Amino acid sequence: MTLLSKQGASIIATGSAVPELCINNHEISKVVETSDEWIVSRTGIKERRILNGINNSITDLATLAAIRALNKISMDPLEIDLIILATSSPNDLFGSASQIQANIGAYNAAAFDITAACSGFIVSLTTATQFIENGVYNNILVIGADALSKWTDWSDRSTCILFGDGAGAIILQSCLPDDKGILGFQLNTNGQKYNQLCLAYKDYYNTSNSLKITQGAFNKITMNGREVYKFAVSQVPESIEKCLYKLDIPIEEINWIILHQANKRILEAVANKLIINNNKFISNLDKYGNTSAASIPLVLDEAVGKQIIQRGQKIIISGFGAGLTWGTIAIQWKY
Ligand code: ACO
């Protein structure tokens, strides 16, 4: 059954921000046994940006990305109805979106976080689209921001080479249903494999007082790289095909594909499976590594800035990661 939407949703602006500190593969090879040659050939990553210094937080980066998106269209922050922050590394476990609301002065907006690791931006943009299509809100700020460097085990060479920090933002606006830019989506979860990629909670005994109750902390990131690789290569093409099938859009009509920036070999394998030319895949992972929820909006913002993405073109964005979660959104670019 197809439900008729009251409104359509379109992306009307993008913005992004990355930390200044850049760490290249050579520098990483000084702390774990690895090499630039190994990292580039296995992942395509050459360097990554790392959030460093006290009181320098992911919320600051997310705020900057949001302000840049707003400034591009000279939008008053008071026009924003909702802020959704996709992050798995918030400043505050109770949620960081409200800090962004205050930082940018979007005092009319409701704000909340969504946690879905590297699929966070896809899940958040899909959520935002529902609020607009139902006619509830007109302007929604969606931000993907992560600082996984804070949760990386810097003695584990199989993970510390992969991650970087960053933030990307988009503004989603209501439009006539026939004019919509968000064409459709496809979301998935396989919780049975959650332990293939975790940033897991752990209990410890607090012995500092007589109560001796257990309290919480978090482990560092653990990952079964081979399993995550196999999962991504098998599930992402299927998700893209399902999304396009529902919309009756042949894959040949897609101008650009932006995958979560995890690994160059995953991008190539997905291109092979879909029988699509590699040059339709836009990527910047050589410069930023895997920035988790930020990776797709970071690529989007760069590609729009360089005028690679043009008005009227059809784009697929597809995310995958911890959970395990994955999903796809089909977009027609409208500005
Ligand atoms: N430098 C040198 N050697 C290394 C390194 C390193 N940095 N890391 C691992 N190795 C070694 C291993 O120890 C192993 O050695 P052995 O054969 O003597 O045991 C060998 O290289 C091969 O290890 P693999 O794990 O099989 O290497 P692989 O080719 O699979 O590459 C990688 C590892 C890059 C992690 C890959 O599996 C991958 O990219 N997986 C997907 C990761 C991913 O997409 N994660 C998404 C996260 S998204 C989110 O939600 C946070």
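The values are calculated or read from the model by the stated rules, or taken from the named source; none is laboratory data. In this text, all values refer to a predicted model and were calculated from it rather than measured experimentally. Backbone-built Cβ (ideal geometry, glycine too); neighbour counts: all protein chains shown.
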For the subset of the stretch 276-306 comprising residues that are in contact with an Asp or Glu (Cβ under 9 Å, 6 or more places away or on another chain) and among the β-branched types (Val, Ile, Thr), which member is farthest from residue 21 (Cα to Cα)? 276
Answer yes if at least one residue in the stretch 297-315 is touching a residue at least 12 places away in the same chain (Cβ under 8 Å), within 13 Å of the ligand (Cβ to nearest atom), in contact with a strand residue (DSSP E or B) (Cβ under 8 Å, 6 or more places away or on another chain) and of a type in the set (A, V, I, L, M), and no otherwise. no
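Give 34, 43 a once-over and let me know the one that is within 30 Å of residue 313 (Cα to Cα) and either surrounded by 15 or more Cβ atoms within 10 Å (Cβ to Cβ) or touching a strand residue (DSSP E or B) at 6+ places or on another chain (Cβ under 8 Å) (or both). Write out each step before concluding.
On the way: 34 fails: within 30 Å of residue 313 (Cα to Cα).
After applying the criteria, what remains is 43.
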Among the candidates 280, 264, residue that is out of contact with any Ser or Thr (no Cβ under 7 Å at 6 or more places or on another chain) and basic (Lys, Arg): 280
All but one of (1) loosely packed, with under 15 Cβ neighbours inside 10 Å; (2) within 23 Å of residue 147 (Cα to Cα) hold for residue 290; which doesn't? (1)
Count, please, the residues in the stretch 82-135 that happen to be in contact with a Lys or Arg (Cβ under 9 Å, 6 or more places away or on another chain) and within 16 Å of the ligand (Cβ to nearest atom). 1
Hits in the stretch 236-259 (condition: closer than 14 Å to residue 185 by Cβ and not hydrophobic (A, V, I, L, M, F, W, C)): 239, 241, 242, 245, 246
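For the stretch 24-60, enumerate the residues that are under 21 Å from residue 90 (Cβ atoms) and part of a strand (DSSP E or B).
Taking the stretch 24-60 as the starting set, the residues that turn out to be under 21 Å from residue 90 (Cβ atoms) are 48-60.
Residues satisfying the conditions are 48, 49.
Kindly evaluate residue 92 against the criterion of being charged (D, E, K, R) and without any contact (Cβ under 8 Å) to a residue 12 or more places away in the chain.
Numbers: charged (D, E, K, R): yes; without any contact (Cβ under 8 Å) to a residue 12 or more places away in the chain: yes.
Spelling it out, residue 92 is indeed charged (D, E, K, R) and without any contact (Cβ under 8 Å) to a residue 12 or more places away in the chain.
Wholly within the stretch 150-251, which strands (runs of 3 or more DSSP E) include no fewer than the required count, namely at least 1 residues that are among the aliphatic types (A, V, I, L, M), surrounded by fewer than 21 Cβ atoms within 10 Å (Cβ to Cβ) and within 16 Å of the ligand (Cβ to nearest atom)?
Working: elements: 165-175, 182-189, 201-205, 214-218.
Here the list reads 182-189.
Where residues in the stretch 264-296 are in a loop (DSSP other than H, G, I, E, B) and not β-branched (Val, Ile, Thr), which of them is nearest to the ligand (Cβ to nearest atom)?
So in the stretch 264-296, the residues in a loop (DSSP other than H, G, I, E, B) come out as 275-277, 282-284, 289, 291.
Of the ones still in play, those that are also not β-branched (Val, Ile, Thr) are 277, 283-284, 289.
On the way: 277: 22, 283: 13, 284: 16, 289: 10 Å.
Here the residue is 289.
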Taking the stated definitions as given, is residue 48 within 25 Å of residue 297 (Cβ to Cβ), surrounded by 14 or more Cβ atoms within 10 Å (Cβ to Cβ) and not aliphatic (A, V, I, L, M)? yes
Considering only residues of the stretch 316-330 that are more than 9 Å from the ligand (Cβ to nearest atom) and among the hydroxyl-bearing types (Ser, Thr, Tyr), which is surrounded by the most Cβ atoms within 10 Å (Cβ to Cβ)? 328
For the stretch 4-23, does any single residue satisfy the condition of being outside any strand (DSSP E or B), within 14 Å of the ligand (Cβ to nearest atom) and either in contact (Cβ under 8 Å) with a residue 24 or more places away in the chain or not small (Gly, Ala, Ser) (or both)? no
Pairs needed: first member in the stretch 26-50, at pLDDT 95 or above and among the acidic types (Asp, Glu); second member anywhere, assigned to a loop (DSSP other than H, G, I, E, B) and surrounded by 20 or more Cβ atoms within 10 Å (Cβ to Cβ); C-beta distance under 9 Å; at least 6 residues apart or different chains. 47/164; 47/289
